[in-house]
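Report on the structure given below.
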Amino acid sequence: ALARSARSLTSLAVLFLDLDDFKLVNDSLGHAAGDELLVTVADRLTASLRTGDTAARFGGDEFAILLEATEGPEDACQAAERILAELKPAIWVRDRSVSVHASIGIAYCKLGAEDSAELLQAADVAMYAAKARGKNCYEVYEPALQVAMSQRLERTAELQRAADEDQFILHYQPIVSLDGGNQLFLEALIRWQHPERGLVPPNEFIPLAEETGLIIPIGGWVLTEACRQVQQWQEEYGLDGRLRISVNISARHFQHGGLIEDVSAALASSKLDPSCLVLEITESLLVHDAE
């Protein structure tokens with residue numbers, strides 16, 4: 001296609017597509033159901049393309065689309081919009097209605113300027129930028145995205161080191177009853193004690209932890225440490241089960257991260273009465289998957 005583009009003085013584009021949260025389908029409905037879903041997605045992709053465009057499955061839940069003889073980046077953007085619209089209606093798999101969303105990266109090539117590997121890499125980088133922007137959207141590659149991707153890799157490695165080297169600490173916020181009740185509540189709030197940047201608030205690292213899956217081991221640590229500390233205070237101040245701790249649970253941890261095992265392990269190691277532990281989940285999680 002690149003050779004034809006150079007000969008005919010036309011342009012082409014590559015779209016790299018990744019299904020958002022596809023692992024949840026495999027985990028909840030099984031791999032056979034996941035395969036059925038992929039077949040339906042492939043059919044919808046084909047239906048959204050022009051005659052002469054090429055769709056391919058790269059592996060897993062990744063697809064690539066080659067658009068030849070494009071007149072400009074707007075052609076590729078229109079193709080991405082058609083694909084997102086085609087994927088929008090729910091798909092029935094094993095008597096379950098499954099919503100499918102995708103993140104799409106677009107790399108546009110003028111007159112055969114790049115080689116195939118560079119073009120695919122650029123589309124892949126743009127796809128990750130689309131995921132970072134909130135998923136279910138598309139992003140067009142530009143050099144600044146490559147810089148952002150490098151920075152993201154550095155931050156991910158830094159966050160992994162923080163988890164490995166116990167750089168996280170918990171702050172405990174009191175929850176006060178205004179009606180004069182004597183039940184004592186605390187909320188555990190995570191902070192990153194960065195060796196160079198000092199205390200880093202959660203809004204600066206939790207979204208990345210969610211994206212990369214690091215939120216699951218971090219969430220397990222929060223549960224263990226919060227239970228240990230509250231049990232220590234129970235014994236130290238003679239509170240006899242009256243001090244309760246509230247821990248926020250990530251949607252990702254709740255859906256497929258071994259949460260039950262992590263809660264059980266935290267309670268067992270700390271010997272904390274289970275009635276003293278409150279787990280908080282977001283309303284958006286329930287809206288996303290009520291069952």
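Points to keep in mind about this one:
- Pair list, Cβ < 6 Å and 6+ apart or interchain, from region 185-202 residues that are outside any strand (DSSP E or B) to residues that are not aromatic (Phe, Trp, Tyr): Pro202/Ile190
- Exclusive hit being under 20 Å from the mean Cα position of the chain (by Cα), within 29 Å of Asp43 (Cα to Cα) and touching a residue at least 60 places away in the same chain (Cβ under 8 Å), set Val98, Val125: Val98
- Residue within region 144-165 that is over 23 Å from the mean Cα position of the chain (by Cα) and buried (at least 17 other Cβ atoms within 10 Å of the Cβ) present: no
- Some residue of region 14-29 being touching a Ser or Thr at 6+ places or on another chain (Cβ under 6 Å), of a type in the set (A, V, I, L, M, F, W, C) and not in a helix (DSSP H, G or I): no
- The set of residues in region 242-256 that are open to solvent by less than 70 Å² (accessible area, probe 1.4 Å) and under 13 Å from Trp221 (Cα atoms) comprises Val247, Ile249, Ser250, His253.
- Pair list, Cβ under 6 Å, 6 or more apart: region 1-18 residue farther than 25 Å from Gly60 by Cα, other residue open to solvent by 60 Å² or more (accessible area, probe 1.4 Å) and part of a strand (DSSP E or B): Thr10/Ala69
- Single unsatisfied condition, Ala130 versus (1) touching a residue at least 40 places away in the same chain (Cβ under 8 Å); (2) under 23 Å from the mean Cα position of the chain (by Cα): (1)
- In region 241-261 there is at least one residue that is more than 30 Å from Asp21 (Cβ to Cβ) and modelled with pLDDT under 90.
- Test: residue in region 82-103 that is modelled with pLDDT under 85, part of a helix (DSSP H, G or I) and open to solvent by less than 70 Å² (accessible area, probe 1.4 Å): no
- Residue list for region 59-80, restricted to those being under 26 Å from Val98 (Cβ atoms), in a strand (DSSP E or B) and touching a residue at least 12 places away in the same chain (Cβ under 8 Å): Glu62, Phe63, Ala64, Ile65
- Tally, over region 205-241, of residues that are open to solvent by 40 Å² or more (accessible area, probe 1.4 Å), of a type in the set (S, T, N, Q) and in contact with a helix residue (DSSP H, G or I) (Cβ under 7 Å, 6 or more places away or on another chain): 2
- Which numbered condition Ala55 fails, given (1) under 25 Å from Phe254 (Cβ atoms); (2) among the aliphatic types (A, V, I, L, M); (3) in contact with a helix residue (DSSP H, G or I) (Cβ under 9 Å, 6 or more places away or on another chain); (4) without any contact (Cβ under 8 Å) to a residue 24 or more places away in the chain: (1)
- The combined condition, being surrounded by fewer than 17 Cβ atoms within 10 Å (Cβ to Cβ), on the phi > 0 side of the Ramachandran plot and under 26 Å from the mean Cα position of the chain (by Cα), is fulfilled by Gly59.
- Top-ranked residue in region 133-143 [being more than 16 Å from the chain's Cα centre (by Cα) and surrounded by fewer than 18 Cβ atoms within 10 Å (Cβ to Cβ); ranked as nearest to Ser103 (Cα to Cα)]: Glu142
- For region 28-38, the condition holds for no residue, the condition being that it is within 19 Å of Leu120 (Cα to Cα) and open to solvent by less than 50 Å² (accessible area, probe 1.4 Å).
The values are calculated or read from the model by the stated rules, or taken from the named source; none is laboratory data. Predicted model only: the values in this text are computed from it and were never measured. For neighbour counting, all protein chains shown are included, and Cβ atoms are generated from backbone atoms with ideal geometry for every residue, glycine included. Accessible surface is based on the protein model in full, side chains and every heavy atom, while ligands, DNA and RNA are left aside. Shrake-Rupley method; radii C 1.70, N 1.55, O 1.52, S 1.80 Å.
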